Amino acid sequence: MAATLIDGKALAAKLKQNVLTEAKTLPRKPGLAVILVGDNPASRVYVTSKRKDCEECGFYSEEYALPAETTQKELLALVAELNGRADIDGILVQLPLPKGLDEKEVLLAIDPAKDVDCFHPYNVGQLTIGTPVFQPCTPGGVMEMLKEYGIDPAGKRCVVLGRSNIVGKPMAMLLLHAHGTVVMCHSKTPDMKELAASADILVSAVGKTGLVTADMVKEGAVVIDVAMNRNDAGKLCGDVCFEEAAVKASYITPVPGGVGPMTRAMLMKNTLTAAKLHQGL
Ligand code: GUN
C-alpha cells in the first residue's frame, strides 16, 4: 500500500476530547435529544453510539425510541416540546423515517438553533451562502480530516460521487467554499469513471460496494470513502475497492474507522456550539 491511512477514529477521539474540555467550562451541560422512529437495525446502532459519545463528552442526553406506527402529529408534538425545553440544545431525528411520515415537514419543524444535523432549510441556506452556524456532520468531518492531514482543496479538482442532501450536496458546498473546483457525479452521469479518474480529491458517497475501482483513482489522489455498506459476507465496507485504490492513492480513509467516527464527533461539536449559543456564549 502506497497511501497514508487517514485515521478517523484517532482524530474523532481527539475532537471529542476537545469538546469535553470545553463542555466542562459551561455553566450548563450541553443536552442532546435523539429521536428514533421504528426499528431500523442500522439506525438503532447509530443511536446507541450517539448515547456513548454524549457520555464521553460530558453531555446530557435523551433518547426517544418511538414505534413505527407513530403518527406525524405525535412526532411533530414531540419536536415542538423539545424545541421549548431549556435543557435541550440539539434535536436529532434519525433518518430515514418509516414510510408514511413526512421527513421534510419534520426537519422544518426543528428549531434551526437546535438543528445539530444541519438539515433545516435555514441552515442549509446559511451553509450555501458561506455563513453556517452548524457544520453538516459527515461533510464537516471530511473537511476536518483533510485539514488534519494538511490537504488543502484550494485549486484542486474535487469529485463528489452522490448527490444526497445528507452528504453529496453539502460536501460539494464545503469543498467549493474551500476553493476546490467541484464536480458532482450521480446516477445519470454518463462518464463518472473518467471524471473520478481526474480527481485530486475523490469523495464517494453512493452506497454501492465495489463502485470505485483502481481505474477511477488518479495516481496520488486523496480518496475519501463515506459509504457504510455490508458486503455479501455481512462485513462493513465502503464504496471503494480499498486494497487496489490504496496502491494508487496518496491518502485514503478506511471503512470502518474512517469517516464514520468523524460524523459522530462533528455531531458532538455542533451540540456544543448550540449549547454555547443558547447560553449566550
Ligand atoms: N441517517 C444517516 N445519517 C444520518 C445523519 O447524519 N443524521 C440523521 N439524523 N440521520 C441519519
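The values are calculated or read from the model by the stated rules, or taken from the named source; none is laboratory data. Owing to the predicted nature of the structure, the values given are computational and were not obtained by experimental measurement. With ideal geometry, Cβ positions are generated from the backbone for all residues, glycine too; neighbour counts draw on all protein chains shown.
Tabulated data
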quantity	calculated
Residue count, region 1-21 (criterion: surrounded by fewer than 18 Cβ atoms within 10 Å (Cβ to Cβ) and part of a helix (DSSP H, G or I))	8
Helices (runs of 4 or more DSSP H) (entirely within region 41-156) containing at least 2 residues that are without any contact (Cβ under 8 Å) to a residue 24 or more places away in the chain	41-56, 72-83, 103-109, 121-128
Criterion (over 30 Å from K16 (Cα atoms) and either modelled with pLDDT under 95 or of a type in the set (S, T, Y) (or both)) met by exactly one of A196, A233	A233
Qualifying residues in region 114-140 (those that are of a type in the set (V, I, T) and within 10 Å of the ligand (Cβ to nearest atom)) - the one farthest from the chain's Cα centre (by Cα)	V116
R28 of a type in the set (K, R), within 16 Å of the ligand (Cβ to nearest atom), closer than 23 Å to H278 by Cβ and modelled with pLDDT of 95 or more	no
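Here's the yes/no breakdown for (1) away from the ligand (no atom under 16 Å from the Cβ); (2) modelled with pLDDT of 95 or more; (3) of a type in the set (A, V, I, L, M):
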{"residue": "K14", "(1), (2), (3)": "yes, yes, no"}
{"residue": "L20", "(1), (2), (3)": "yes, yes, yes"}
{"residue": "A23", "(1), (2), (3)": "yes, yes, yes"}
{"residue": "S43", "(1), (2), (3)": "no, no, no"}
{"residue": "V47", "(1), (2), (3)": "no, no, yes"}
{"residue": "C57", "(1), (2), (3)": "yes, yes, no"}
